[in-house]
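The values are calculated or read from the model by the stated rules, or taken from the named source; none is laboratory data. This structure is a prediction, so every number in the text was calculated from the model and none was measured. We place every Cβ from the backbone using ideal geometry, glycine too, and count neighbours over all the protein chains shown.
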Amino acid sequence: MNGPRAALVGAAVTLTAAACGVLPSPPPPLQTDFVPQASAPSATVSGTADGFSAEEHVSVRVRVTKCDGWATGSGWVLSENQVITNRHVVADGTEIEVTTYDGRDYVVATAQIAPVADLALLTLDPVFTEWAPWESREPGMQEQLSIVGYPEGQQLTTTPAVYVGDTADTVESTGEAVQGLRAVVKHGNSGSPLFDASGTVVGTVYAGDEVGGGLAWSNTYLDDLLTGATQWQPLTPGC
């Protein structure tokens, strides 16, 4: 086992789901002219005419009404009417909304969850005109990546990440192989897309720790879910 991977495995027991940040009260409605501000230019592909990167265009904030409060997370646009996020972000959700980089707010019609991987599929009316390219591949060791999401449910942020090898999922206690990262992953980053240098999604972030370690689910699991090799399950609120 190489050094970086061993270090991550050793720290894995302290990794926690980076989801939600349950809030004491609902966030206020967004103003009709609200536009989230990017914290910095994208570290990967070039920006677009509006100042946001292509990756930021396809990254969304997820807000969830739960049985016992509210929660926030992130996600990425899979198609004209679908978003990928984490299962633990939407668990027990009674109403789910997504907000795009330019302030558009949409209500999710249905949500499905994966039986093993910490993934969820949100379906809306066809509203998106851009969606993320993605591949079912493992990054190379020490490959430079980026995480795009809404830490703390606030500012749209692009954060650098480095792939340090696969490790076992101890956060969800599945024992499945997940992608180990060296990155700052905060509450609200759960469900964030993990982009490679070409702007292609190669995983979905779901956990982080306080010392710069993170975890993401490989698109191998997503591929199985979308092709029917593994079946999605309906989200059933617990209240």
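Points to keep in mind about this one:
- Within the stretch 90-137, the set of residues being in contact (Cβ under 8 Å) with a residue 60 or more places away in the chain, crowded, with 17+ Cβ neighbours inside 10 Å and among the acidic types (Asp, Glu) comprises 92, 118.
- Unmet requirement for residue 173, which otherwise passes all of (1) over 14 Å from residue 137 (Cα atoms); (2) surrounded by fewer than 21 Cβ atoms within 10 Å (Cβ to Cβ); (3) at pLDDT 95 or above: (3)
To keep it simple, each residue is scored yes or no on (1) under 20 Å from residue 148 (Cα atoms); (2) assigned to a loop (DSSP other than H, G, I, E, B); (3) modelled with pLDDT of 95 or more.
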residue: 62; (1), (2), (3): yes, no, yes
residue: 71; (1), (2), (3): yes, no, no
residue: 75; (1), (2), (3): yes, no, yes
residue: 78; (1), (2), (3): yes, no, yes
residue: 84; (1), (2), (3): yes, no, yes
residue: 89; (1), (2), (3): yes, no, yes
residue: 95; (1), (2), (3): no, no, yes
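- Annotation for the stretch 226-238: no member residue is among the hydroxyl-bearing types (Ser, Thr, Tyr) and under 14 Å from the mean Cα position of the chain (by Cα).
- Count of the stretch 66-98 residues which are among the polar types (S, T, N, Q) and closer than 13 Å to residue 111 by Cα: 5
- In the condition set (1) in a loop (DSSP other than H, G, I, E, B); (2) more than 17 Å from residue 63 (Cβ to Cβ), residue 205 is compliant with all but (1).
- Matching strands (runs of 3 or more DSSP E) fully within the stretch 145-198 where at least 2 residues are more than 14 Å from the chain's Cα centre (by Cα): 157-168, 177-183
- Whenever a residue of the stretch 206-219 is acidic (Asp, Glu), its partners that are crowded, with 24+ Cβ neighbours inside 10 Å, lying with C-beta atoms within less than 6 angstrom and at least six residues away or across chains, give the pairs 209/15.
- Of 48, 85, 72, all but one fail to be surrounded by fewer than 23 Cβ atoms within 10 Å (Cβ to Cβ) and of a type in the set (Ser, Thr, Tyr); the exception is 48.
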